[in-house]
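Input: a single structure, listed below in structure tokens.
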Amino acid sequence: MYQLTGEHAKQATAPETDWTTWSAVIARHRKLALGVAGGFFALVFLLTILTPRTYTTEVKFIAGGHGGSDSSSSSTSGLPLLNALLAGSGAESAQTYAELFQETSTASKTIEELKLNMQPAQLLAHVKVKPITDTAIVGVSVSWNNAQESARIANALAKAFIDYRHDMVADQAQVALAYLAAQLPQAEATLHQATTSLAEYETSHKIVDISTQTQQSLTAISALEAKRAEAQVDERQAGAQLSSVQAQLAGTPPTVAGGQQYEPNPVLAQLQTQLAQTTMQLRTAQEHYTDRHPTVIALKSQKTQLERSIAGQTSTIVSSQSTVSNPLYQQLQQQEATLRAQVASYQTQGDTLTQQLAALEPSLKELPDQAAALTALQRRAKLAQDVYDELQRKNGEAMVARSSALSDVSIVQPASADYATVKPNTLLNLLLGGFLSITLGIGASLAAEVLDKRIHGTQDVEQRLSLPVLASIPLAGPKQIAALPWLQSLSIESYFQFVTALRYASSTRLKTIAVTSALPGEGKSTVAVSTAIALAETEPRILLIDADLRRPLLHAKLGIRPTFGLSDYLVGKASYEDIIHTTKHPGLDLLAAGTRTANSYRLLQSEEFKTLLDRAGKSYATIIIDTPAIEPIIDAAVIASRADGTVMVIAAGETDSETSKRALGKLHSAGVRNILGAVLNKSNPQKETNFNPYYLDVDERQALT
């Protein structure tokens, strides 16, 4: 006999999960698993088929090709701004070029070249620029609905960016050319006038040469004046370029939008804490009250409101938004500082040369007037020639810089339609969809198993309630038998199996057996009647007692209309002989419930009920007592405490394990220690592993499979 000891009582109320039975769990919820898996896979398939194809091609270019100390030293020119650009580009990172690439000027030029009907912002929405970590390489990918068009746009964008960087150098050379174009005619006129004046003076005074001392002084002064003139030209040129850079700097914003930082939503965490507390309070209330109790209803409502509030919250919030320095603005600032330093250097150099010339002026006054006049003319002619030559040289350098300006960006891998990546990838999506579908199907089965507290099979009874299963009774109603005729034979065989199990359930002979269940409607009365009939066929003199004094059913099931019953005997209205009724089943008598009464607990607790059981035990071999359900009222516990053994009836797929545990706890609290086991009623024989179709004929076996 199964004894509901304290240890077993704990097992009956503590949830148990045997992870070795996953396959059985999945098989039990296979319809749900197949539905979830099939639905998700169908969704993935439809999205994959219906989503327009996007082709992505990538062009890679290397940025800052002229950077570095070695290259900068070997590629300097006579144009100060060109030197500043070449030196500044070497200090820029790949991230800087990635930011510059997304300027609208590059997109506008690409749209104009390819004749695209869109705005620059729309084109840039299809472009993704990603610098490769720890390298000077930048990848530019373009996503389009056509592979060839994607490659064409990617290559056009790269070319436009190269031209943009080229034009930055060429534009500065153009500024120098404009200045030199204005200075050259004036310098040429000055040179022509100085040369003519010198020639006329030498002709009129018939001068062929001057003294060595005069020549040396003239050479020294001329050299100083030439250097001063060159410094002045450089100063004016650098000043003009400085003005151009300052104009660009005034129209460039110093900062651009940066990234955002996120942090967990504190409101969500608070709501989740409240939900956990409410859930704990609800579980505690459900252990003490029914679901209709105001406290339980209020806690359920509060839990629902919290779950809705949590569903409406976001997991993170924006904590701060930062701005970053504009790389183009920083570059122009760097150029402005370089040009300011150059202007200051040229001014200092010119002032120094002016002081040196002032120191040599007294030596010229010692020359004869004729020599002095000749010297002055020669000086003027030499100065004009030097100025003109310097302007010509710088004009040539500016023209070369404009026509062959070098870009600091070069393509290392052009975009190709042959290597375009396609999204969505049908094969990959279907493979991932299949894997995720299986995973979700299994997850849904496990979640349903965790959430589903119903008892489905013998394994659930043994694991969750720690009760041995004495028999598994199939669901064999009129509809089921009409569809599967062999179910009636199987049901009868199951009851004989139950009768046999009762004989060996205890080491002592069981005289009185109470049949109960956790809730009404689980089939305990049907099990009690059928068990009594099966016992009567093998062992006559069986008494079936209907002890459910509030909702009696056995007399109707057996087709008897008794005048008196158990309640009438217990209150003294009928004698023992008046309440015993024979049935149409040989060897089986019925003691009906009798007149309904509201005080059934007192009657069943009385000494008269115990005396009745003792007297009936002398006349009958076995007494089967059909008790009320345990959960609504305590009558079953009183009856079970006076029976030799108690059987729990559990409806497969209907009985909740938590309810059954509470029912067992009530029996334990009433001092019941004679739990024989459980009968799994309304079971599906095709799902029960202990069902053997040996006695079925061929047609019945085929119907079963």
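The values are calculated or read from the model by the stated rules, or taken from the named source; none is laboratory data. No experiment lies behind these values; they were computed from the predicted model shown. Positions of Cβ are backbone-derived with ideal geometry, glycine not excepted, and every protein chain shown enters the neighbour counts.
For segment 648-659, does any single residue satisfy the condition of being of a type outside the set (D, E, K, R), closer than 15 Å to Asp548 by Cβ and at pLDDT 90 or above? Show your work before the answer.
Step one: of segment 648-659, the residues of a type outside the set (D, E, K, R) are 648-653, 655, 657, 659.
Subset that is closer than 15 Å to Asp548 by Cβ: 649.
If we keep only those that are at pLDDT 90 or above too, we end up with 649.
Taking every residue of segment 648-659 in turn, at least one turns out to be of a type outside the set (D, E, K, R), closer than 15 Å to Asp548 by Cβ and at pLDDT 90 or above.
Would you confirm, using the coordinates I've provided, whether Ala401 is outside any strand (DSSP E or B), buried (at least 19 other Cβ atoms within 10 Å of the Cβ), hydrophobic (A, V, I, L, M, F, W, C) and modelled with pLDDT under 75?
On the way: outside any strand (DSSP E or B): yes; buried (at least 19 other Cβ atoms within 10 Å of the Cβ): yes; hydrophobic (A, V, I, L, M, F, W, C): yes; modelled with pLDDT under 75: yes.
Criteria met by Ala401.
Among what's in segment 589-607 and is closer than 20 Å to Leu554 by Cβ and among the charged types (D, E, K, R), pick the residue that is surrounded by the fewest Cβ atoms within 10 Å (Cβ to Cβ).
Looking at residues that are closer than 20 Å to Leu554 by Cβ and among the charged types (D, E, K, R), I get Arg596.
Picking from Ser466, Ser472, which residue would you name as being modelled with pLDDT of 80 or more, hydroxyl-bearing (Ser, Thr, Tyr), at positive phi and surrounded by 17 or more Cβ atoms within 10 Å (Cβ to Cβ)? Lay out the reasoning, then the answer.
On the way: Ser472 fails: at positive phi.
Among Ser466, Ser472, only Ser466 is modelled with pLDDT of 80 or more, hydroxyl-bearing (Ser, Thr, Tyr), at positive phi and surrounded by 17 or more Cβ atoms within 10 Å (Cβ to Cβ).
For (1) closer than 13 Å to Leu490 by Cβ; (2) in a helix (DSSP H, G or I); (3) modelled with pLDDT of 90 or more, each residue gets a yes or a no:
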{"residue": "Lys661", "(1), (2), (3)": "no, yes, yes"}
{"residue": "Lys666", "(1), (2), (3)": "no, yes, yes"}
{"residue": "Gly671", "(1), (2), (3)": "no, no, no"}
{"residue": "Gly677", "(1), (2), (3)": "no, no, yes"}
{"residue": "Leu680", "(1), (2), (3)": "no, no, yes"}
{"residue": "Lys687", "(1), (2), (3)": "no, no, no"}
{"residue": "Phe691", "(1), (2), (3)": "yes, no, no"}
{"residue": "Tyr694", "(1), (2), (3)": "yes, yes, no"}
{"residue": "Arg701", "(1), (2), (3)": "yes, yes, no"}
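Being under 30 Å from Tyr504 (Cβ atoms) and either among the acidic types (Asp, Glu) or modelled with pLDDT of 90 or more (or both) is the filter here; which residues of segment 1-51 pass it?
Matches in segment 1-51: Glu7, Glu16, Asp18.
I need a count of the residues in segment 131-153 that are out of contact with any Phe, Trp or Tyr (no Cβ under 8 Å at 6 or more places or on another chain) and part of a loop (DSSP other than H, G, I, E, B).
Residues meeting the conditions: 5.
Residues are listed down the side, and each one gets a yes or a no for (1) aliphatic (A, V, I, L, M); (2) farther than 21 Å from Ala637 by Cβ:
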{"residue": "Leu558", "(1), (2)": "yes, yes"}
{"residue": "Pro586", "(1), (2)": "no, yes"}
{"residue": "Ala598", "(1), (2)": "yes, no"}
{"residue": "Leu603", "(1), (2)": "yes, no"}
{"residue": "Leu612", "(1), (2)": "yes, no"}
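The rows are residues; the columns are (1) buried (at least 16 other Cβ atoms within 10 Å of the Cβ); (2) at pLDDT 80 or above; (3) touching a strand residue (DSSP E or B) at 6+ places or on another chain (Cβ under 6 Å).
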residue: Gln286; (1), (2), (3): yes, yes, no
residue: Val296; (1), (2), (3): yes, no, no
residue: Lys300; (1), (2), (3): no, yes, no
residue: Glu307; (1), (2), (3): no, yes, no
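Look through Thr526, Thr563, Thr531 and report the one residue that is within 19 Å of Lys511 (Cβ to Cβ) and of a type in the set (Ser, Thr, Tyr). Reasoning before the result, please.
Numbers: Thr526 fails: within 19 Å of Lys511 (Cβ to Cβ); Thr563 fails: within 19 Å of Lys511 (Cβ to Cβ).
Criteria check complete, one pass: Thr531.
Somewhere in segment 635-642, is a residue within 53 Å of the chain's Cα centre (by Cα) and farther than 19 Å from Leu470 by Cβ?
Looking for residues that are within 53 Å of the chain's Cα centre (by Cα) and farther than 19 Å from Leu470 by Cβ, one finds at least one in segment 635-642, hence yes.
The rows are residues; the columns are (1) modelled with pLDDT of 80 or more; (2) at positive phi; (3) β-branched (Val, Ile, Thr).
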residue	(1), (2), (3)
Gly312	no, no, no
Leu339	yes, no, no
Thr352	yes, no, yes
Gln378	no, no, no
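Of everything in segment 52-83 that's at pLDDT 85 or above and polar (S, T, N, Q), which residue is farthest from His166 (Cα to Cα)?
Thr54
Looking only at segment 359-373, which residues are modelled with pLDDT of 70 or more and touching a helix residue (DSSP H, G or I) at 6+ places or on another chain (Cβ under 6 Å)? Steps first, please.
Residues of segment 359-373 that are modelled with pLDDT of 70 or more, as a first pass: 359-362, 373.
Within segment 359-373, just Leu360 meets the criteria.
Here are some residues: Ala269, Ala240, Ala250, Ala276. Which one is closer than 30 Å to Leu177 by Cβ and either at pLDDT below 80 or exposed (fewer than 13 other Cβ atoms within 10 Å of the Cβ) (or both)?
Values: Ala269 fails: closer than 30 Å to Leu177 by Cβ; Ala240 fails: either at pLDDT below 80 or exposed (fewer than 13 other Cβ atoms within 10 Å of the Cβ) (or both); Ala276 fails: closer than 30 Å to Leu177 by Cβ.
Criteria check complete, one pass: Ala250.
Scan segment 611-630 for residues that are more than 18 Å from Asp578 (Cα to Cα) and surrounded by fewer than 18 Cβ atoms within 10 Å (Cβ to Cβ) and report the count.
1
Could you tell me whether segment 208-215 includes any residue that is at pLDDT 75 or above and either of a type outside the set (Asp, Glu) or assigned to a helix (DSSP H, G or I) (or both)?
To start, the set of residues in segment 208-215 that are at pLDDT 75 or above comprises none.
Within segment 208-215, none of the residues are at pLDDT 75 or above and either of a type outside the set (Asp, Glu) or assigned to a helix (DSSP H, G or I) (or both).
Counting only residues that are over 19 Å from Glu658 (Cβ atoms), touching a strand residue (DSSP E or B) at 6+ places or on another chain (Cβ under 8 Å) and not in a strand (DSSP E or B), how many does segment 448-478 have?
Summing the residues that are over 19 Å from Glu658 (Cβ atoms), touching a strand residue (DSSP E or B) at 6+ places or on another chain (Cβ under 8 Å) and not in a strand (DSSP E or B) in segment 448-478 gives 2.
Taking the stated definitions as given, is Leu510 in a strand (DSSP E or B), aliphatic (A, V, I, L, M) and closer than 13 Å to Thr622 by Cα? Lay out the reasoning, then the answer.
Working: in a strand (DSSP E or B): no; aliphatic (A, V, I, L, M): yes; closer than 13 Å to Thr622 by Cα: yes.
Taking the combined requirement at face value, the residue does not satisfy it.
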